[in-house]
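These notes concern the structure reproduced below.
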Amino acid sequence: MSDKRIEVVAAIIRRGDEIFATQRGYGDYKDWWEFPGGKMEPGETAREALQREIREELDAEIRIDRFLQTVEWDYPGFHLTMHCFWCSLASEALHLNEHEAARWLGADALSEVRWLPADEGLLPLIADELRYGPIDVVLPWVDGSDPVLAARRAKYAPGNALANEEVGGTTRYASVGEIRWAVASTLRFAPFVRKVFIVTDGQDPDLGGMLRTYFPEREKDVVVVDHSVIFRGREDALPTFNSNSIDTLIWNIPELAERYIYTNDDVMLIQPTTPEDFFRAGKSICYAKRLPAWIVRLLRRLKPQHVGFKASMLRSLELMGGGDHILNLGHTPCAMTKSWFARWAEERPDMVARNLKDKFRTVDQFEVQEAFYLDMERQDRLVLISDLEAGLYFKRSKKRGYVDRKLAAFEADKTHKFVCFNSLNLCTPDEIARVTAWLDSRVGIGGGEHQA
């Protein structure tokens, strides 16, 4: 590697389903294609440099919509650091002051030109965005250690709800910092994600220090959304401590993308992902296994008051018209479409009302993700993949060496893209410390970030 380093910026200018590419007219790479941009000057931020370079190269004004990726590339004689941003034109006119040609290219035409090596590495990300549009991540989150929230929970809890871990027990709301790994792993291993929305009840996940240290260009892409926002017009259902209620209205997040990934804060990405790990050819990926409905009905008869996931999935099946199986969802992300939920809420107000009426989970409620996937399956818009193929699972065990064996297996694994650390709060402090060290290393955050 050369000691010479050059830091540049690049604009991926989008117009509809096409991006703007320019052909170099000079130098060793004459006639090769690149994204417009150029060197940063001393004292400039990346965004300031990009605005200036586009004015100089194209006589154009741009809107810098969001950060895409920083590319590190070794060219003969120097190392290049290239900060890349999605942009749109603020002025229509473009004039080539430095390049010899330019083209607007769609996803299928990106390979028609000869790209500079550093730029070429961006093409899969760009093609995915052009084909699928923006994709967001939605994370409901709660910090159960908050004394204010605990007092409110106690105030509204019916009967023995607080003693039932499936309904209102401490483990349902406990947090040992999982939200840091859930967000960091998304930004690290799913760079195609436009925004991460954290849905919570007047709480602050305090991620600013971590984001500024490890993902400085993505800080504004992580947005906290209060329950009052998604429950607008249905304030009588607040406060709620019920994940089913929250999930029923979570699609009301303002500016949420049509395609979004719903996940929980105990689920982390541990390998690079692409949009096709969630959506393929107009279909949603469902990580689950079919489970005969009669088995779940038998379990429900044996434990009629058990508020479990299988029972709520069965309730989804019954409310959606019945069938011979449920989709037994794993501890993995769910690929959702916003328009389906908007239409469903309008057509099935009875189902919405059922999930909103109780402030804690009950046996009468259903899983909205299950309802979505069952309907997708009936429309042949579902790709079913076993959750065991995609996700790893950790749940605290008293067996000697369990934590170390699990972490060693996770570290060696090169195929599974997700891991769920279930009920991590039940681990000992030493076990939590070992898990923390492994996750910090895996998602590339040192744990020592400065908190503002």
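Considering every residue within the stretch 207-223, establish whether at least one is hydrophobic (A, V, I, L, M, F, W, C) and under 13 Å from the mean Cα position of the chain (by Cα). Spell out how you get there, then give the answer.
Within the stretch 207-223, the subset hydrophobic (A, V, I, L, M, F, W, C) is 207, 210-211, 215, 222-223.
When the remaining residues are screened for being under 13 Å from the mean Cα position of the chain (by Cα), the result is 222-223.
Yes, the stretch 207-223 contains at least one residue that is hydrophobic (A, V, I, L, M, F, W, C) and under 13 Å from the mean Cα position of the chain (by Cα).
Answer yes if at least one residue in the stretch 47-61 is of a type in the set (Val, Ile, Thr) and surrounded by fewer than 18 Cβ atoms within 10 Å (Cβ to Cβ), and no otherwise. Quick ask: steps written out before the conclusion?
Going residue by residue through the stretch 47-61, those that are of a type in the set (Val, Ile, Thr) are 54.
Checking the rest, the ones that are also surrounded by fewer than 18 Cβ atoms within 10 Å (Cβ to Cβ) come to none.
No: zero hits.
Helices (runs of 4 or more DSSP H) wholly in the stretch 112-158 with at least 1 residues that are in contact (Cβ under 8 Å) with a residue 40 or more places away in the chain, touching a Lys or Arg at 6+ places or on another chain (Cβ under 8 Å) and closer than 18 Å to Thr240 by Cα - which ones?
Values: elements: 117-120, 123-132, 147-156.
Here the list reads 147-156.
From the residues in the stretch 74-106 that are at pLDDT below 95 and of a type in the set (Phe, Trp, Tyr), which one is surrounded by the most Cβ atoms within 10 Å (Cβ to Cβ)?
Looking at the filtered set, the residue picked out is Tyr75.
Got a sec? Which of Ala390, Ala408 is under 24 Å from the mean Cα position of the chain (by Cα) and surrounded by 12 or more Cβ atoms within 10 Å (Cβ to Cβ)? Lay out the reasoning, then the answer.
Numbers: Ala408 fails: under 24 Å from the mean Cα position of the chain (by Cα).
Testing whether each residue is under 24 Å from the mean Cα position of the chain (by Cα) and surrounded by 12 or more Cβ atoms within 10 Å (Cβ to Cβ) leaves just Ala390.
Of the residues Glu7, Glu44, Glu72, Glu48, only one is part of a loop (DSSP other than H, G, I, E, B) and closer than 29 Å to Val196 by Cα; which? Let's see the steps before the verdict.
Details: Glu7 fails: part of a loop (DSSP other than H, G, I, E, B); Glu72 fails: part of a loop (DSSP other than H, G, I, E, B); Glu48 fails: part of a loop (DSSP other than H, G, I, E, B).
When all the criteria are applied, what remains is Glu44.
Within the stretch 346-364, does at least one residue satisfy the condition of being touching a Cys at 6+ places or on another chain (Cβ under 6 Å) and either in a helix (DSSP H, G or I) or not acidic (Asp, Glu) (or both)? Show your work before the answer.
Kept after step one, since they are touching a Cys at 6+ places or on another chain (Cβ under 6 Å), are these residues of the stretch 346-364: none.
So far as the stretch 346-364 goes, no, none of its residues is touching a Cys at 6+ places or on another chain (Cβ under 6 Å) and either in a helix (DSSP H, G or I) or not acidic (Asp, Glu) (or both).
Sort through Asp380, Asp358 and tell me the only one that's within 28 Å of Glu255 (Cα to Cα), at pLDDT 95 or above and more than 19 Å from the chain's Cα centre (by Cα).
Values: Asp358 fails: at pLDDT 95 or above.
The unique qualifying residue is Asp380.
Scanning the stretch 350-382 for residues that are over 21 Å from Ile261 (Cα atoms) and in contact with a Lys or Arg (Cβ under 7 Å, 6 or more places away or on another chain), which turns out surrounded by the fewest Cβ atoms within 10 Å (Cβ to Cβ)?
Ranking the qualifying residues of the stretch 350-382, first place goes to Asp364.
Taking the stated definitions as given, is Arg400 over 18 Å from Asn264 (Cα atoms), surrounded by 12 or more Cβ atoms within 10 Å (Cβ to Cβ), over 21 Å from the mean Cα position of the chain (by Cα) and basic (Lys, Arg)? Walk me through how you get there before you give the answer.
Numbers: over 18 Å from Asn264 (Cα atoms): yes; surrounded by 12 or more Cβ atoms within 10 Å (Cβ to Cβ): no; over 21 Å from the mean Cα position of the chain (by Cα): yes; basic (Lys, Arg): yes.
Against the criterion (over 18 Å from Asn264 (Cα atoms), surrounded by 12 or more Cβ atoms within 10 Å (Cβ to Cβ), over 21 Å from the mean Cα position of the chain (by Cα) and basic (Lys, Arg)), Arg400 does not qualify.
Please indicate, with yes or no, whether at least one residue in the stretch 266-273 is assigned by TED's automatic domain parsing to the domain that holds Ala190 and surrounded by fewer than 18 Cβ atoms within 10 Å (Cβ to Cβ). First the steps, then the outcome.
Of all residues in the stretch 266-273, those assigned by TED's automatic domain parsing to the domain that holds Ala190 come to 266-273.
Retained after the next criterion (residues that are surrounded by fewer than 18 Cβ atoms within 10 Å (Cβ to Cβ)): 271-272.
Checked against the condition, which is being assigned by TED's automatic domain parsing to the domain that holds Ala190 and surrounded by fewer than 18 Cβ atoms within 10 Å (Cβ to Cβ), the stretch 266-273 yields at least one hit.
Of all residues in the stretch 181-191 being touching a helix residue (DSSP H, G or I) at 6+ places or on another chain (Cβ under 7 Å) and at pLDDT 95 or above, which is farthest from Ile445 (Cα to Cα)? Spell out how you get there, then give the answer.
Looking only at the stretch 181-191, we keep the residues that are touching a helix residue (DSSP H, G or I) at 6+ places or on another chain (Cβ under 7 Å), and these are 181, 184-185, 187-188, 191.
Of the ones still in play, those that are also at pLDDT 95 or above are 181, 184-185, 187-188.
Working: Trp181: 9, Ala184: 8, Ser185: 9, Leu187: 11, Arg188: 10 Å.
Selected residue: Leu187.
Which ones in the stretch 207-249 are among the aromatic types (Phe, Trp, Tyr) and touching a strand residue (DSSP E or B) at 6+ places or on another chain (Cβ under 9 Å)? Can you show your working first?
Kept after step one, since they are among the aromatic types (Phe, Trp, Tyr), are these residues of the stretch 207-249: 214-215, 231, 241.
The answer is Phe215, and nothing else.
Looking at Val137, Val148, Val113, which is the one that is in the same structural domain as Leu424 (by TED's automatic domain parsing) and at pLDDT 95 or above? First the steps, then the outcome.
Details: Val148 fails: at pLDDT 95 or above; Val113 fails: in the same structural domain as Leu424 (by TED's automatic domain parsing).
Being in the same structural domain as Leu424 (by TED's automatic domain parsing) and at pLDDT 95 or above holds for just one of Val137, Val148, Val113, which is Val137.
Hand me the list of strands (runs of 3 or more DSSP E) wholly inside the stretch 168-264 holding 2 or more residues that are over 21 Å from Thr274 (Cα atoms) and among the small types (Gly, Ala, Ser).
On the way: elements: 193-200, 222-226, 259-262.
It comes to none.
So, in the stretch 343-355, of the ones that are aliphatic (A, V, I, L, M) and within 17 Å of Glu370 (Cβ to Cβ), which residue ends up farthest from the chain's Cα centre (by Cα)? Write out each step before concluding.
Applying the first criterion (aliphatic (A, V, I, L, M)) to the stretch 343-355 yields 345, 351-353.
From what's left, within 17 Å of Glu370 (Cβ to Cβ): 345, 351-352.
Numbers: Ala345: 23, Met351: 26, Val352: 25 Å.
Selected residue: Met351.
The values are calculated or read from the model by the stated rules, or taken from the named source; none is laboratory data. Because the structure is predicted, anything quoted here is derived from the model rather than measured. Glycine also receives a Cβ, built like all others from the backbone with ideal geometry; neighbour counts cover every protein chain displayed.
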